[in-house]
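To start, the structure itself, in structure tokens.
The values are calculated or read from the model by the stated rules, or taken from the named source; none is laboratory data. Model, not experiment: these values are computed from the prediction. Glycine gets a Cβ as well: all are built from the backbone with ideal geometry, and neighbour counts include every protein chain shown.
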Amino acid sequence: MPRHATPRRYLMCPPAHFKVTYSINPWMDPAKPVDVPLAVTQWEDLRDRYRSLGHTVHELRPRPELPDMVFAANGATVLDGRVLGARFAYRERAPEAEEHLDWFHTHGYTDIHVPAHINEGEGDFAVTSSWILAGRGFRASPLSHGEAQEFFGRPVIGLDLVNPRFYHLDTALAVLDDARDDIMYYPGAFSPGSQAVLARLFPDALIATRADAEALGLNAVSDGRHVLLPQAALGLFEPLRARGYVPMGMDLGELLKGGGSVKCCTQELRGAEGS
Ligand code: ARG
């Protein structure tokens, strides 16, 4: 089936101060050194790839005291030009929420909701054409799902994450075509009930293997045609091509040490600002 790319706007934050000094997910080992110049080069490759595909990338100023700020997807969720701020589960990342709010305030956004309940932005919220899929179990509070539904006026489907390696929804599920409800996911990251919900809502989804999920292959970003994903997720490339997508492998190996890859670095700004 022919796939169509649509121009996107993304918010990213360069890893100038990236390090792993604490561990809040099983991927993070403070004993393992991080090569910051390499992290920056890998991140710039991703940013430049988006731009070469015709997308707009805005950059957030990194803060030295916030090493995880590179994972910009966690700072907010933007839909129809409306901004649902984040509230982080761990104090190490808590001040990032304010950095994102400041950015939205100074970039023309007026409809901004500061959340009462813990949510880590697009880490646990995924937008499809019909629903907002929402993870819970490790980070987002189940109460944040109702808060997002009320604010955006879209149905929110709660999904239970059960494996600590897949602590955010975006480590286990990616939206491939947000106009047609096409997704890919790794069932083993979800509870049996949530697996049944996903099978019912997305009977034709691309199902990832454990190996590809372990390579963080589901931490992917699609513009409807091009799918940018970790290059080590070898098993996903052929199935994506068979569905008409153009997979593009990226190397974000340094950022994997923080437990994130392509999607974690990319917050999508949906809808016009100030609308
Ligand atoms: N070290 C970060 C954390 O554990 C990684 C966040 C990854 N972001 C994501 N969207 N999954 O919070």
One residue from Arg63, Arg87 being more than 19 Å from the chain's Cα centre (by Cα) and basic (Lys, Arg): Arg63
Can you report the number of residues in the range 105-138 which are more than 11 Å from the ligand (Cβ to nearest atom) and in contact (Cβ under 8 Å) with a residue 12 or more places away in the chain? 23
One residue is enough: does the range 135-150 have a residue meeting the conditions among the hydrophobic types (A, V, I, L, M, F, W, C) and touching a helix residue (DSSP H, G or I) at 6+ places or on another chain (Cβ under 7 Å)? yes
What are the residues in the range 56-99 that are over 18 Å from Ala39 (Cα atoms), of a type in the set (Asp, Glu) and touching a residue at least 24 places away in the same chain (Cβ under 8 Å), if any? Asp80, Glu92, Glu96, Glu99
Among the listed residues Leu236, Leu218, Leu269, Leu240, which satisfies the condition of being within 18 Å of Cys13 (Cβ to Cβ), at pLDDT 95 or above and surrounded by 20 or more Cβ atoms within 10 Å (Cβ to Cβ)? Leu269
Go through the range 238-264 residue by residue and tally those that are more than 17 Å from Leu206 (Cα to Cα), out of contact with any strand residue (DSSP E or B) (no Cβ under 6 Å at 6 or more places or on another chain) and not in a loop (DSSP other than H, G, I, E, B). 6
Matching residues in the range 139-159 (in contact with a Lys or Arg (Cβ under 6 Å, 6 or more places away or on another chain) and either of a type in the set (Asp, Glu) or within 11 Å of the ligand (Cβ to nearest atom) (or both)) number 0
Name every residue in the range 30-52 that is over 21 Å from the mean Cα position of the chain (by Cα) and either among the charged types (D, E, K, R) or within 14 Å of Leu228 (Cα to Cα) (or both), in order of residue number. Lys32, Asp35
Which ones in the range 173-202 are assigned to a loop (DSSP other than H, G, I, E, B) and within 21 Å of Leu143 (Cβ to Cβ)? Ser191
